[in-house]
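The values are calculated or read from the model by the stated rules, or taken from the named source; none is laboratory data. As the structure is a computational prediction, the values presented were derived from the model and not from experiment. Neighbour counts are summed over all protein chains in view; Cβ atoms, including those assigned to glycine, are modelled from backbone coordinates with ideal geometry. Accessible surface is based on the protein model in full, side chains and every heavy atom, while ligands, DNA and RNA are left aside. Shrake-Rupley method; radii C 1.70, N 1.55, O 1.52, S 1.80 Å.
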Amino acid sequence: MVTARISVEASEPYIAAIAAADDLLGRLRTERAFVGSVAIAAWLGRRVDGGSVDVLVALTPEGRSQVPMMASNRGFIVDRDELDATEELDLIPLRIAVGEELVKIHVLIASNALYGNMVRDAVEVPCGEVTIRVIAPEDLALLLTVAEDEGSTLVRDELIHHAGATFQLDRFNQKLTSIGLAGKTVNR
């Protein structure tokens with residue numbers, strides 16, 4: 001089901017990069033959800049026109065090796081040294097050239113139940129000519145809380161305020177408590 005009230009607005013190179021990443025991961029039959037600037041754009045009505053495109057993916061160990069192989073065959077730039085350096089981080093770094101722009105794409109492996117649930121609970125939103133999935137606002141707020149920097153906290157607070165009654169504060173606080181961050185819960 002597409003959530004009609006939100007969408008991802010982005011510059012043309014970023015729309016193309018988001019669509020290419022989603023298509024690549026879809027061809028691998030993965031469950032996935034965009035996080036970071038794409039999710040922030042969706043939930044706060046911002047525009048993606050810089051930085052990296054981050055997508056959280058539920059992958060098997062075999063799938064981890066398939067992503068860069070298939071990506072290199074579909075026009076993505078795969079740097080083997082970067083790939084080796086990030087293996088323990090559960091990160092697959094990719095790039096794609098769109099016109100004159102080189103867009104970084106970070107495929108983040110959902111390596112635990114918390115991240116797996118974020119992928120499962122993601123919602124569909126339009127982005128250009130395609131429909132993608134972004135993490136729920138409560139999950140985005142959780143990631144922003146864990147980042148523990150002032151900028152992320154400000155964006156989290158804006159997200160909670162902007163989402164209003166649709167933001168499930170109890171769900172957010174329950175997740176924080178379940179991962180040992182009860183001291184970071186938020187009151188309305």
What pairs can you find where one residue is in the range 25-49 and closer than 15 Å to Ala10 by Cβ and touching a residue at least 40 places away in the same chain (Cβ under 8 Å), the other is open to solvent by less than 70 Å² (accessible area, probe 1.4 Å) and assigned to a loop (DSSP other than H, G, I, E, B), and their Cβ atoms are less than 6 Å apart, with a gap of 6+ or different chains? Val35/Ile135; Ala39/Ile135; Ala42/Ile6
Residue that is nearest to Thr185 (Cα to Cα), among those in the range 129-164 that are open to solvent by 30 Å² or more (accessible area, probe 1.4 Å) and assigned to a loop (DSSP other than H, G, I, E, B): Glu148
If you go through the range 39-77 one residue at a time, how many are in a strand (DSSP E or B), under 14 Å from Leu91 (Cα atoms) and β-branched (Val, Ile, Thr)? 3
Of the residues that make up the range 117-128, is at least one at pLDDT below 95 and open to solvent by 70 Å² or more (accessible area, probe 1.4 Å)? no
Could you look through the range 20-50, keep only residues that are open to solvent by 30 Å² or more (accessible area, probe 1.4 Å) and touching a Gly at 6+ places or on another chain (Cβ under 7 Å), and pick out the one that is farthest from Gly99 (Cα to Cα)? Leu28
Within the range 84-103, restricting attention to residues that are at pLDDT below 90 and under 18 Å from Leu56 (Cβ atoms), which residue is surrounded by the fewest Cβ atoms within 10 Å (Cβ to Cβ)? Glu88
